[in-house]
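Visitor: Quick one: the structure is below, and I'll ask about it shortly.
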Ligand SMILES: [Zn+2]
């Protein structure tokens, strides 16, 4: 078991200002660290080992809003087999190809309690059967996005710091105390395991707008596919 406290210095508490955290307290005009699930423009791309990338001429499907698997409560991983380790490795590659900083198994159609993260400290971390065992009372707001709800970003309020326990890909239990962007991504990915999307944590009218646009887009795509099928027959 190991415990890691990130060396990110939290903002000085200021009771009169709106709640701040490492992720949302950058000086005005500074490049924000990253929106959850997408890297900031101009930042260096993820490095992907060529031997891993070569397996990905056709990448995994990332499921998007409206698909059932994103709303299911995922089941615990019963045993950490080579198959699970390969899945984790594949998820890291897919996350990087999608320019993400976190990816949960339900997003690629696997209803398992497992996610991968590579946030601001650039360490690849896999979380198997994770449990958030502590959250700070201090909250902070940060703009989130999601590979499963592409192109939409909204401010989401969450605890600033968390403690999470999980198994790594070698089956070792670890405890991680996190703040800043890492805490944000872990909470976002953890939600995916319970069928929760970031849009469930925003104002209902904003959520309705996004859901409506997704439905419209899905209907258009279905009509287009039907037309193509009629032409081909
Ligand atoms: Zn997401």
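Visitor: If I take R0 = 41 Å and measure r between the Cβ atoms of residue 226 and residue 121 in this structure, what FRET efficiency does the formula 1/(1 + (r/R0)^6) give, to the nearest 0.05?
Guide: The value I calculate is 0.30.
Visitor: Just report the Cα centroid separation between region 111-153 and region 173-227, whole Å.
Guide: Region 111-153 and region 173-227 have Cα centres separated by 12 Å.
Visitor: While we're here: Could you sort 211-223, 175-187 so that the peptide with the highest average Cβ count within 10 Å comes first and the rest follow in order?
Guide: Most protected by this proxy first, the peptides run 175-187, 211-223.
Visitor: Order of 150-161, 78-89 by packing, highest average Cβ count within 10 Å first?
Guide: Sorting 150-161, 78-89 by mean packing, highest first, produces 150-161, 78-89.
Readers should treat all values here as calculations from the given coordinates under stated rules, not as data from a laboratory. Given the structure is predicted, the values throughout are model-derived calculations rather than measurements. Cβ atoms come from the backbone with ideal geometry, glycine included; neighbour counts cover every protein chain shown.
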